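Notes follow once the structure below has been shown.
The values are calculated or read from the model by the stated rules, or taken from the named source; none is laboratory data. Please read all numbers here as calculations on a predicted model, not as lab measurements. All Cβ positions, glycine included, derive from the backbone under ideal geometry; neighbour counts span all protein chains shown.
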Amino acid sequence: MNGFFKKRKGQASLEFSLLLLLMITLSTITIYGFLKNNLDEDSRDLSKIDIAAKTSVMLVNSGYNGTYTKYTVDYLGMKYNKEYNNITNNTVYYVRIYISPTISNDISNFIKDYTYKKSGVNMSKYNITVYSTG
């Protein structure tokens, strides 16, 4: 009689484990599908550009690589415009990085170059420009 109950207890544990494994697998598939459909490569690239631009502005403020500004540079945001090029059949993103106050061309080029380098995006697909306001 003792062996009968031990056998049933083991079977219930096995069934529970299989049910739990099935639930985890279905949850993983659902989350993967959601992320794949809602976060495409372009969205990830634009997010990388945004993070790299913020980092480059922080580096400018800290005097990295000989960059010096009289005032603290503020990152105001990023705006992009998606256009379709009929000649090459490619989509081009025109990305504007807004900062304040007005900075020199050297610092603007540093921010642009650092953003390209750290984000790792294709330079022919993303045209990044830095706009100084005020």
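Of the candidates Thr55, Thr91, the single residue that is in contact (Cβ under 8 Å) with a residue 24 or more places away in the chain, part of a strand (DSSP E or B) and under 18 Å from Thr129 (Cα atoms) is Thr91. Within the stretch 95-111, being of a type outside the set (A, V, I, L, M) and within 17 Å of the chain's Cα centre (by Cα) holds for one residue alone: Arg96.
Just one of the listed residues (Lys118, Lys82) is of a type in the set (D, E, K, R) and closer than 15 Å to Leu59 by Cα, and it is Lys118. Residues that are surrounded by fewer than 11 Cβ atoms within 10 Å (Cβ to Cβ) and either among the aliphatic types (A, V, I, L, M) or in a helix (DSSP H, G or I) (or both) are absent from the stretch 67-85. Taking Ile111, is it part of a strand (DSSP E or B), at pLDDT 90 or above and surrounded by 12 or more Cβ atoms within 10 Å (Cβ to Cβ)? Judged against the criteria, Ile111 is not a match.
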